[in-house]
1. Arrange the peptides A:640-649, A:481-490 so that the one whose residues have, on average, the most other Cβ atoms within 10 Å appears first.
2. As a test of understanding, state the convex hull volume per residue of region B:101-143 from its alpha carbons, in Å³.
3. Under the classification rounded if a/c is under 1.5, otherwise prolate if a/b is larger than b/c and oblate if not, where does region A:478-617 fall, given a ≥ b ≥ c as square roots of the Cα gyration tensor eigenvalues?
4. Quick one: if you take sqrt(5λ) for each eigenvalue of the C-alpha gyration tensor of chain A, what semi-axes come out, biggest first, whole angstrom?
5. Roughly what angle does helix A:502-514 make with the longest principal axis of chain A, taking Cα atoms, 0 to 90 degrees, to the nearest 10?
6. Per-residue Cβ counts within 10 Å, from other chains only, averaged over A:516-529: what number is that?
7. Calculate the spin-label point distance for A:D160 paired with A:T482, positioning each point 7 Å from the Cα along the beta-carbon direction, and give it in nanometres.
8. Give the Debye-formula value of log10 I(q)/I(0) at each listed q (0.11, 0.17 Å⁻¹), with one equal scatterer per alpha carbon of region A:276-381, two decimals each.
Amino acid sequence: MISRRVLLGLVLAAGGAAVWAGWYRGWVSPSPAAVAQDAATQPAANRRAQNQQRQNQQRQAARTESATATMLEGAAVLSAGDSYDDFASIAEASDGTLYAAYAAYFDAHDQIRIHKRLPGGQWSTRTHAPLVEARADIWMPQLAVDARDRLWVIWCEQTDQTRTASGNWDLYARSLADDTWGPIVRLTDDPKPDINPHVCTDGQGRIHVVWQAHPENYGNIQYCRFDGEQWSRPLAVTSGQTSDWYPQVAVDANGVAWIAFDSYRQGDYDVYLASVAEGQARAATPVATSGFYEAHATVACTPDNRVWVGWEEGGFNWGKDQGYWLRREQREQGSTLGSRRVVRLAVQADGQWWAGPTLEPDVAGNGLDTTASPVLTAGRDGRLWLRYRQLSRGQAMGGARRVTRYWTENVTYLDGSKFAPPKLIPASTGRISVFSRLLAARDGSTWLAYSSDQRSAANYHQPVHDRALVYQLAAPEAAVTTAELSPYQPPEPPPGQKRWDVAREQQEIAAARGRRITVNGQELLIVRGDLHRHTELSWDVGPGNDGSYLDFYRYMIDAAAMDFGGLTDHQGGGHYAYHWWLTEKSSDMYYLAPRFVPLYGYERSARFPNGHRNVFHTYRGVPVFPFQLRLDQAGVFPGVGTGELLDNDTKLLYEYLRKTKGLAISHTSGTSTMGTDWRDNDPWVEPVVEIYQGARNSYEVVGGPRVHDVSKQAPNEAPGGYQEAGMVWNALAKGYRLGTTASSDHGSTHISYSMVYTPANDRESIVDAVRKRHTYGSTGNVVMEVWANGHFMGDEFELQERPSLTLRVTGTAPLARIDLVRSGQYIYTAVADQQETEIKFVDMEPQAGLNYYYFRIVQEDGEVAWSSPVWVRYGKGND
Amino acid sequence: MKQLLAVIFTGAILIAAVWLGRGPSAPAAATATGAPEDDGPAACLERMFAAAEQADIPAFLACFTGEEREKLDREVAAQSADTYGRSLQAALQALKARAVHAPQAIGDQMVDMRVERIYTGRIEQQVYRLREQRGAWYIESVRAYQTYQPVVPFGTHVSEEDGNVP
């Protein structure tokens, strides 16, 4: 025990040392004695002047230190380092004063932080825009300056969310003038999400705002304007079931607001241009309508009365059939969500559409010929500027052999009839999903406000810290000339590829959505979902072929027309707090029930034998359950997967999910890398299994359809490896009650469906139905129902009579075969030739005790569906 | 004639098997748009199986119509009711399971129903034609059954099956 006297001495010594050290380093104020000495020797006026001077010097030193510390390769870093910053924006007042803002994720909520560029060129310490909620959840804040030099912040914010339901996303605006914030102006009040705004200011200082509204759960473009006195009510630029996305607006010299956006109205993403003049919206006209993915449109107006539209062009039949078995059979008909894309431009001039100049990205070094997310703006001199993201790839360092991908920020301008060599913006590595803003400044320069997660060459797949930056590009010396234009020609489809049969798919989906059954007095409908999707937030192959975390919603809502789903990046984006925040936030933002319901999800990749599982919750804010690592591990905490786990890692996961009412779904159970030997199961937490995934195989049973066949291919040729213990039949043989689902995983799209019979399409109902195993898995939009003596598939019950099962199925093609399995045995195999059928089966020799039965159908075109089993306890006193 | 009677007799056995093998009818709560039908031509088969199970020969015969009915009348007349009932029970002993497929419309008031009798190593398939008359369904004819080997025999365990299912 340390005596009180010794302890006191230690405290005093430490305090003295701290004071000395603080004084030496200028960390603490002068001592009272020093101040008294000053007072005794100097007149009061001098003291005040000196104090003022000292304070000024300290402030200036702080500014200089701040400015010096936050310059990064010529870019000014606005972030203080205590937050994750995104959605940088910039605006300019009439005297050339610049303001920059960004969304800052700090202490489990969002802030909008604003900086001003000081006369010396440094950026000020931040101020915060007061938002609707104290602990706000915001999206895409942007700045504008009106004709009276008031600084406006326009942002989306979620309000009225409850523990289990997403709230309402609306647009708000608030002005800052004379160091005083004005009142919050609510720009929208529709109960559905009003998101993805874009703001511009015209030559008269009027502020124009466009955004993506969802009044009927389909994206529509809306518009409003601030005329200097008041904000107008939202104007519907588009309406109906159009599914329009990401508008941008620019205003021409005549005051016409031109609005570019992309739309799924024709069954794939196309680019449209609409306009608003004198308060009236004019019908949208098509700009790019090929079978390629054409999205993320941008628009700019130059003084020569040209309207420039840019967009990114991605793969053909984007989001349609992609996956391992289709690839084996050369039946792929779609493009991955992250398929190669390039920026395209078109110009409207003299009432016609012309082709814009071709962008030639810098492919020296790590840069690839893949560009995206264009932003156009017209300079004060009429010059056209273009910002875009470029995909790059690098070899990870530190012994890792993985080739990793990342995106960078690039800016170029139109020099005559072609683009000037692009400028790679410093410190701009990061995701594709960065929404930067260009500003044509009054001095002729151009400013870019952007964000970056600062990933480095050591691990290009791994974010370090999201920060907001601004960068100034000097005015080009070359004179502005008018670009020569050639007629616009849409791209030719890839050889041998036809456009997707949208009408047929819509019929299949309508058949599934229209099906109703009644179980225990409750009417149920089928909802179609995908519970295993990755995006750029996954640290392994996400930035490659999986698209952005926002592309997930495009795919789910439009390309696959799913009813529900979950974004399941590894560990919610690698245990990186901001990725999980974006995951949960976006799940709220695209809550479009009953059209589409996102669950809060992530993949937890514990290697064999524990096994990978996808995890879901119905409410927001449950922390990602970390890996329960052994303490003999050194190095970085794993952001994707690991096998270095405590022995009871999975049981601890179940314990956590019971506390948080979570759901776990095992996947790729029959692989040697990701699978399991079924050592663990909790029937409440883990009631279903991903029996098939589009990225790889089925894991139903040896010899089953789309199961790896070791008689034809070596076990190690199976994607993810192969081990038989993980086949689902082994789990069923152990008595596990597992219903079936099918989902995608990396790269695969449109060939895996988790079908759930639920009373309503909301989070609680879906998860409750999954816990009842009222599910089936399918590789297509097959409609399937199985009854057993009045009970529905997934149920468990006792019987004294013979089991009588009824299968009712509507395929997407003629059926080839129907199998009925009873407790590890095939007891019925039918050769079918119809697309729709119903079979009533009676087991004349049921086995006493517990038996499970399930149906599997295979279509002539190879598509498969697996029902959930029913568990029948037959006879008395037997098990 | 004997062959025809055998066909009819087989059909009766099969229908009896369907009836005897059925579970309790689905509760009202489980019957709706998607639930198995409880009326229509399938109900005719159920009536006939109920009659067969009860050895209620008049009720059994009442499920048939036309020439089939006349032939069955002669079949029943040619033997005692006890003998007829014992034959039904004997035929049911070998069955492992049976499957009845959904009716396929042939005309406005006529359907075919495919029925499969599942044995350990074979499946016997037979098609019944039913006709609606004055609001009720009757069995009008029974085709000769066909036997085929199932792709996977009844009771095949996972470890016994070779090769991939197509």
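1. Values: A:640-649: 16.2, A:481-490: 13.8.
Top to bottom by mean Cβ count within 10 Å: A:640-649, A:481-490.
2. It comes to 66 Å³ per residue, whole-number rounded.
3. Working: a/c = 2.16, a/b = 1.28, b/c = 1.68.
It comes out oblate by the Cα gyration axes.
4. Numbers: eigenvalues 543, 258, 117 Å².
That gives 52, 36, 24 Å for the three semi-axes.
5. Relative to chain A, helix A:502-514 is tipped by roughly 70 degrees.
6. Details: counts 3, 6, 8, 5, 3, 5, 2, 3, 3, 0, 1, 0, 0, 0.
Taking the mean over all residues of the peptide, I get 3.
7. For A:T482 paired with A:D160, the spin-label model returns 5.2 nm.
8. -0.47, -0.92
Every number in this text was worked out from the coordinates using simple rules, so none of it is lab data. Computed from a predicted structure; not experimentally measured. Counting neighbours? That spans all protein chains shown, and the Cβs are built from the backbone with ideal geometry, glycine included.
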